[in-house]
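Below you'll find the structure I mean.
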Amino acid sequence: MQQFWERFLVGRSDRQTIAKHARGMDRYVGVLTLFAAALLGLGSAAPFATVQNFYGLNGQFSLLTAALELFKTGDTAYAAGIAILFAVLPVFSIATVFDLWYKYALHEEKTDRLIARARLCGRLWFLVMIATLALVYYTQTSSADAVLHLPVYYLIASVLIQKVILSRVSRLLALVQYVEES
């Protein structure tokens, strides 16, 4: 069981990934990444809210069904905004961290590109968080009978965990690069 848990935390033993350099609580970044992905899936696919006449949406909807419904009604800009802000960017962020953590060794060519992607994801995180909070606010204030469901909190928790993950991985990468340069 110890070997399974060790492999789960730091990946394959023959690859020199960033996970091999993690100590203490930083060793759990991979687990947090998987947890953030699960919360994002629940927050995006489960019913998000019940509203009446919110941008043409009526009844109970999830973010994915809202994007599909808006696309069907011709509001492609809103549908694309929802898809990009709540599906593409968070998945891009989680995939980048996952690749950095488990997949690519520190001295591979792709690692430098992934580090640049991680920095970009860190900057785009604010956009996703503001959009999430704005969606929650406008959904709640759209009508008196609007009801938010539990997946709202899953989505917010996923976005917050993604920021923690990105900051910890960026810190670890900076420490490893500093040690190698010294």
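The values are calculated or read from the model by the stated rules, or taken from the named source; none is laboratory data. Please read these numbers as outputs of a predicted model, since none were measured by experiment. Methodologically, a virtual Cβ is constructed for each residue, glycine included, from the backbone with ideal geometry; neighbour enumeration extends over all protein chains shown. These area figures cover heavy atoms from the full protein model, side chains too; ligands, DNA and RNA do not enter into them. Shrake-Rupley method; radii C 1.70, N 1.55, O 1.52, S 1.80 Å.
What's the number of the only condition in (1) buried (at least 17 other Cβ atoms within 10 Å of the Cβ); (2) in contact with a helix residue (DSSP H, G or I) (Cβ under 6 Å, 6 or more places away or on another chain); (3) closer than 23 Å to Thr17 by Cβ; (4) not acidic (Asp, Glu) that Ala79 fails to meet?
It fails just one condition, (3).
Which residue is nearest to His149 (Cα to Cα), if the candidates are limited to region 40-52 and must be among the hydrophobic types (A, V, I, L, M, F, W, C) and at pLDDT 90 or above?
Selected residue: Ala46.
If a residue must be open to solvent by less than 20 Å² (accessible area, probe 1.4 Å) and either closer than 18 Å to His21 by Cβ or outside any helix (DSSP H, G or I) (or both), how many such residues does region 90-104 contain? Break it down stepwise before answering.
If we filter region 90-104 for residues that are open to solvent by less than 20 Å² (accessible area, probe 1.4 Å), which is where we start, we get 90, 93, 96-97, 100-101.
After this cut, where a residue has to be either closer than 18 Å to His21 by Cβ or outside any helix (DSSP H, G or I) (or both) as well, the list is 96-97, 100-101.
Residues that pass the stated criteria total 4.
Pull up region 106-117, narrow it to residues that are over 19 Å from Ser167 (Cα atoms) and not basic (Lys, Arg), then point me to the one that is most open to solvent (accessible area, probe 1.4 Å). Break it down stepwise before answering.
Taking region 106-117 and keeping what is over 19 Å from Ser167 (Cα atoms), we get 107-110.
Add one more test, that the residue is not basic (Lys, Arg), and what stays is 107-109.
Working: His107: 141, Glu108: 62, Glu109: 156 Å².
Filtering region 106-117 for residues that are over 19 Å from Ser167 (Cα atoms) and not basic (Lys, Arg), the one most open to solvent (accessible area, probe 1.4 Å) comes out as Glu109.
Right, another one. Which number in (1) over 20 Å from Val91 (Cβ atoms); (2) open to solvent by 30 Å² or more (accessible area, probe 1.4 Å) marks the one condition that Ala146 misses?
If we test Ala146 against (1) over 20 Å from Val91 (Cβ atoms); (2) open to solvent by 30 Å² or more (accessible area, probe 1.4 Å), just (2) comes out false.
Check region 58-67 and report whether any residue there is over 25 Å from Gln162 (Cα atoms) and of a type in the set (A, V, I, L, M, F, W, C).
Keep residues of region 58-67 that are over 25 Å from Gln162 (Cα atoms), which gives 58-60.
Next, only the ones that are of a type in the set (A, V, I, L, M, F, W, C) stay: none.
Scanning region 58-67, I find no residue that is over 25 Å from Gln162 (Cα atoms) and of a type in the set (A, V, I, L, M, F, W, C), so the answer is no.
Follow-up. Looking at region 117-132, I want the residues that are on the phi < 0 side of the Ramachandran plot and have a partner that is open to solvent by 50 Å² or more (accessible area, probe 1.4 Å) and assigned to a helix (DSSP H, G or I) with Cβ atoms under 6 Å, at least 6 apart or on another chain. Which pairs are those?
Matching pairs, first to second residue: Trp125/Lys163.
I need a count of the residues in region 53-76 that are over 15 Å from His149 (Cβ atoms) and open to solvent by 40 Å² or more (accessible area, probe 1.4 Å). Give the steps one after another, and end with the answer.
Here is the first cut: in region 53-76, the ones over 15 Å from His149 (Cβ atoms) are 53, 55-56, 58, 67-76.
Okay, now just the ones that are also open to solvent by 40 Å² or more (accessible area, probe 1.4 Å), so 53, 55-56, 58, 68-69, 71-76.
Total satisfying the criteria: 12.
Also, quick follow-up: Between residues in region 59-71 that are touching a residue at least 12 places away in the same chain (Cβ under 8 Å) and farther than 19 Å from Tyr153 by Cα and residues that are aromatic (Phe, Trp, Tyr) and part of a helix (DSSP H, G or I), which pairs lie under 6 Å by C-beta distance while being six or more apart or on different chains?
Every condition considered, the pairs that remain are Leu70/Tyr78.
I'd like the residue in region 35-52 that is touching a strand residue (DSSP E or B) at 6+ places or on another chain (Cβ under 9 Å) and open to solvent by 30 Å² or more (accessible area, probe 1.4 Å) and, out of all such residues, is nearest to Ile156 (Cα to Cα). Show your work before the answer.
Step one: filter region 35-52 for residues touching a strand residue (DSSP E or B) at 6+ places or on another chain (Cβ under 9 Å), giving 47-52.
Those left that are additionally open to solvent by 30 Å² or more (accessible area, probe 1.4 Å): 47, 50, 52.
Values: Pro47: 14, Thr50: 18, Gln52: 23 Å.
Only one residue fits best here, namely Pro47.
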